[in-house]
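Here is the structure we will look at, set down as structure tokens.
Please treat every number below as a calculation from the coordinates, not as lab data. In this text the structure is predicted, and so the values were computed from the model without any measurement. Note that we place each Cβ from the backbone using ideal geometry, even for glycine, and neighbour counts take in every protein chain shown.
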Amino acid sequence: MDKLRNVKILFKAVRGDFEQESNVISHRFIFVAECILSGIMSVNGKKVLHMDRNPYYGGESASITPLEDSHLLVKMLLYTEVTRYLDFKVTEGSFVYKGGKIYKVPSTEAEALASSNKKILGRMKEWDKERWRGDKVQGWVGLMGLFEKRRFRKFLVYVANFDEKDPRTFEGIDPMKTTMREVYKKFDLGQDVIDFTGHALALYRTDDYLDQSCCETINRIKLYSESLARYGKSPYLYPLYGLGELPQGFARLSAIYGGTYMLNKPIEEIIVQNGKVIGVKSEGELCAATFIARCKQLICDPSYVKDRVEKVGQVIRVICILSHPIKNTNDANSCQIIIPQNQVNRKSDIYVCMISSAHNVAAQGKYIAIVSTTVETKEPEKEIRPALELLEPIEQKFISISDLVVPKDLGTESQIFISRTYDATTHFETTCDDIKNIYKRMTGSEFDFEEMKRKKNDIYGED
């Protein structure tokens, strides 16, 4: 962290004959990634200026997509104590799509392998008897036949015992060399079970993981079980009043440490000299004077630097207004449905997320569902048809197709650090990876959660 503390970043605001100097990281267009980074930098003693053309927090991330209680995001929230500004509520159900039907993903601690082997094995007979209430929704075991359940049971026990630091738990599998495809073959699991495990438990978007080392996948399944054990009904959380609360929480953290915010502030120009950023320019609102914020490092989203990013794909999102809960979910007020790619002859999954007045984001009796996936054809609306059929009747829908954009370079030369646009996933694991990546590029140091621990208290009466 010495490298970070030694970075001198100059801020010079000029309005007419007024001039001010201080240390700053100029932070703009307040997405979740940028807000988290600004909070971290503020905690580490840097003065931060936020400039956003929008009049609200969150940018594109101020959507209705719920987030998995991911290991990285939860640690960020807990270490920074941003949780004191937010109220979360667990979504009521997690489902997976198979053969045109919805099946319930595990909803108890024992089912998700959060307990001892003895308890897991003791629950197996109960799983066989369980059925989720609803016309077509069956229990977890409805995803497989009798013999498949026995093989999957063996796999579950293996995952429960697995410890990457203890070779005695490997059972002939090298976690860093053996692929997940080989692990599935070892336990003789069928394609439907592979789809369910990889996409509804490990939460992969595609099947690329099959030919990668198995260690991460096994740990992802453990993460799912830990999240489920923590909250019971599902591993998914959603902030009351919407995801815009997340960036707002980190914005408050930054403000406590001296950060300055300028919402509804359009940017006319990023000033670059000799290949490096030296500031940003914005016209004054009250007079003709120009506002110039001078800096040595800049964090921004791709929309501000279109010449420095490239398109790598597209995402389609459809926001649907419903007057009813999704059928066959036991009238859940909120839920997540994953449609694995192989179930609909695709290369990537389709996600369906639904929330309602239970999370204070809709009027009583109204439900909001969002469908998202990576675009694979020239007719993206047809690609999401299986998901939309689950939501019928739909009162109103809003379709948007967004480009997936990534920076062309690391930003180490220009000192302009650009985040990636949001993909189709319904958790923030990829966003957290982007945050860690930008942090390392800015500071030259690996991301350290200990450096996120706040050193000031903003709650009166607390130590």
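Within the P(r) computed for the stretch 187-312, what percentage of the Cα pairs occupies the region above 22 Å? Tail fraction, whole percent: 64. With the convex hull drawn over the C-alpha atoms of the stretch 260-352, the volume per residue is 208 Å³. Seen from all directions on average, the stretch 155-216 presents a Cα convex hull projection of 3.9 nm². Evaluated at q = 0.21, 0.33 Å⁻¹, a Debye calculation over the C-alpha positions of the stretch 389-429 (equal weights, vacuum) places log10 I(q)/I(0) at -0.87, -1.10.
Among the listed pairs Lys185/Lys347; Lys98/Lys327; Lys296/Lys440; Lys98/Lys347; Lys281/Lys306, which are separated by more than 19 Å between their Cα atoms?
Long pairs (Cα-Cα over 19 Å): Lys185/Lys347.
Packing, taken as the mean count of other beta carbons within 10 Å per residue, orders the peptides 194-205, 83-94 from highest to lowest as 194-205, 83-94. Quick check: the distance between the Cα centres of the stretch 403-445 and the stretch 336-397, to the nearest angstrom? When both Cα centres are located, 27 Å separates them. Short to long, the 10 Å bins of the Cα pair-distance histogram for the stretch 345-463 hold 10, 27, 25, 24, 13, 2 percent of all pairs. Kirkwood analysis of the Cα pair distances in the stretch 261-419 returns a hydrodynamic radius of 19.0 Å.
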